[in-house]
Amino acid sequence: MKTEFSPAQLSNPDIAEADKILRACVHCGFCTATCPTYVLLGDELDSPRGRIYLIKEMLEKNQRPTAEVVKHIDRCLSCLACMTTCPSGVNYMHLVDQARVRIEKEYTRPVTDRALRAVLAWILPRPGWFRVSMILARCGRWLGALLPTREVDPANPGLLRRVRAMLALAPASLPSPGPAGGNVFAARGKKLGRVALLQGCAQQVLGPRINQAAINFLTRHGVEVVLVKDEQCCGALSHHLGRDDDALARARANVTVWVKEAEQNGLDAILVTTSGCGTVIKDYGYMLRSDRDFAAAAARISAMTKDITEYVKDMSLQPAQQPGGMVIAYHSACSLQHGQKITQAPKELLSKSGFVVKDVPESHLCCGSAGTYNILQPDIANKLRDRKVANIATVRPDMIAAGNIGCMVQIAGGTSVPVVHTIELLDWATGGPRPGLT
Ligand code: SF4
Ligand code: SF4
């Protein structure tokens, strides 16, 4: 794609980066076929190609974001299916991230939208606050019945519709908190490795059993696990809301504590059981590339970061102990398959452990979770969830496995089939408790 940035504009490293990305796009439109919002809405401006064009116009003309641009960028799930499909290697992720930052800085949203985003950005990265908000939301669930179930224009939801979506996501009960940062779990038998395990934010409130399963599994296989003290939210939620100052501050804080842990006690890897977080941590090197004090350390941390299945696939697994033959529908989280290009390892590990793994039709399409998307764009998110659940039902699974808490909550909202994390199944297969019973 031809671009027309001036030399003065190109002296800004972010614009120079955007220029490089835009020039790679040949406008072929292959990406439209796999874009969930284009598939649902059929509007070119809700396709990757359309959004790329809107971002180009905004950046090239140095315009403030218009309501039209904001509408179509807000509807993007950041699922990155377009990046998997694109034959030209267009880095849509870095382009849309830049657009979101600009929108956040230069566009004045309606006051209710601003308030809701501020609340989400404050609460979600703070597990203590998030826990309290979940308890309050559970108490207020009756209120949801009084709020609208869908919008007159489903692609432009109002505050009440969003509040209803938020209340609907609150679980009926909350599990007890898992182990706190600072804990070290010794390897059983001969020590073969040492890793840090990301504690996560929403996950440690909604699904502490996931990291508990990871700890059980790893220590059983000779790996020492540390929950690093003073670790923070990875910044993904702020990053996707365009609040880069907050996201970068969190990235710097995490880089600092992880480098310290690696240097003082040794770390083979930083493992992540929430693939949405993993995608962002693997991008810390890029996000902090212009920060002279942090660029090298951030790149080192990104290189050390692995999804748990990436690490486990190189381990020698203990013999499977669970009754074989259980059918598992494997839901490939977008952040894992498109963001990190991890597609086979989780399925191969599950098969090796005695499960019958089934691919889900249209597995490239997002389930609609996408961080805060199912709150901010509930009607599109619900349509994607219903489509995902219908596709899953065709393989008649006993359980559904996924590698991202957001997807797990989203899919569980539309099915009675237990939704569990891949590591919970691997833990069960090698001696842990059966998942999906609580
Ligand atoms: S597939 Fe890639 S090159 Fe083609 S329009 Fe989409 S982003 Fe541009
Ligand atoms: S990230 Fe997903 S929703 Fe956004 S343009 Fe790409 S494919 Fe479409």
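Where a number appears in this text, it was derived from the coordinates with a stated rule and is not lab data. Keep in mind that what you see is a predicted model, and the values were worked out from it rather than measured. FYI the Cβ positions are ideal-geometry reconstructions off the backbone, even for glycines, and counts take in every protein chain you see.
State the answer as a single residue: which of A137, T309, G339 lies farthest towards the positive end of the charge dipole of the chain, with beta carbon charges of +1 for Lys and Arg and -1 for Asp and Glu, about the Cα centre.
Checked the options; the winner is A137.
Within a Cβ distance under 11 Å of T108, other residues only, what is the Lys/Arg minus Asp/Glu net charge?
The answer is +1.
Which one of N374, A393, H364 is farthest out on the positive end of the charge dipole of the range 327-429, using unit charges on Cβ (Lys, Arg +1; Asp, Glu -1) and the Cα centre as origin?
Farthest towards the positive pole: H364.
In debye to the nearest 20, how big a dipole does the range 333-438 give about its Cα centre with +1 on each Lys and Arg Cβ and -1 on each Asp and Glu Cβ?
Values: 10 positive and 8 negative charges, 25 e Å.
With only Lys, Arg, Asp and Glu charged at Cβ, the dipole is about 120 debye.
From the square roots a ≥ b ≥ c of the eigenvalues of the alpha-carbon gyration tensor of the range 7-106, which class results: rounded (a/c under 1.5), prolate (a/b over b/c), or oblate?
oblate
Where does the chain land on Rg(C-alpha)/(2.2 N^0.38 Å)?
Scaled against compact globular proteins, the figure is 0.96.
Considering only the other residues whose Cβ falls under 12 Å of the Cβ of P397, what net charge follows from Lys and Arg at +1 and Asp and Glu at -1?
0
Hey, got the dipole for the chain? About the Cα centre, +1 on K and R Cβ, -1 on D and E Cβ, debye to the nearest 20?
Details: 51 positive and 40 negative charges, 150 e Å.
In debye, rounded to 20, the chain gives about 720.
Report the extension gain between T343 and M1 in nm, rounded to one decimal, defined as 0.36 nm multiplied by the number of residues separating them, less their alpha carbon distance. Could you put the intermediate results ahead of the total?
Details: separation 342, 0.36 × 342 = 123.12 nm, distance 3.04 nm.
Gain on stretching T343 to M1: 120.1 nm.
Which percent of Cα-Cα pairs in the range 184-312 sits in each 5 Å bin, short to long?
Pairs per bin, as whole percents: 2, 12, 22, 24, 20, 12, 6, 2, 0, 0.
I want to verify a result. In a Gaussian network model of the chain, Cα cutoff 10 Å, which of these has the top mean-square fluctuation: L159, L365, L197?
Between L159, L365, L197, it is L159 that shows the largest mean-square fluctuation.
Taking the simple approach of a point 7 Å from Cα along Cα-to-Cβ for both K20 and E263, what is their distance in nm?
According to this spin-label approximation, the distance is 2.8 nm.
If I model the range 283-363 as equal point scatterers sitting on the Cα atoms and use the Debye formula, what is log10 I(q)/I(0) at q = 0.11, 0.21 Å⁻¹?
At q = 0.11, 0.21 Å⁻¹ the computed log10 ratios are -0.43, -0.97.
What is the distance, in nm, between label points placed 7 Å from the Cα along the Cα-to-Cβ direction at L192 and at K352?
The modelled label-to-label distance comes out at 0.9 nm.
Pop out the ³J(HN,Hα) list for the range 400-410 in order, Karplus 6.51 cos²θ - 1.76 cosθ + 1.60 with θ = phi - 60°, rounded to Hz; leave Gly and Pro as x.
Karplus values, whole Hz, x for Gly and Pro: 10, 10, 8, x, 8, 4, x, 4, 4, 5, 4.
Quick check on the chain: helices-only [θ] at 222 nm, where DSSP H runs of length 4 and up contribute -39,500 (n - 2.57) each and the sum goes over total residues. Nearest 500, please.
-14000 deg cm²/dmol
Rank the residues K347, K190 as a footprinting-exposure proxy: fewest other Cβ atoms within 10 Å of their Cβ go first.
Ordered by Cβ neighbours within 10 Å, fewest first: K190, K347.
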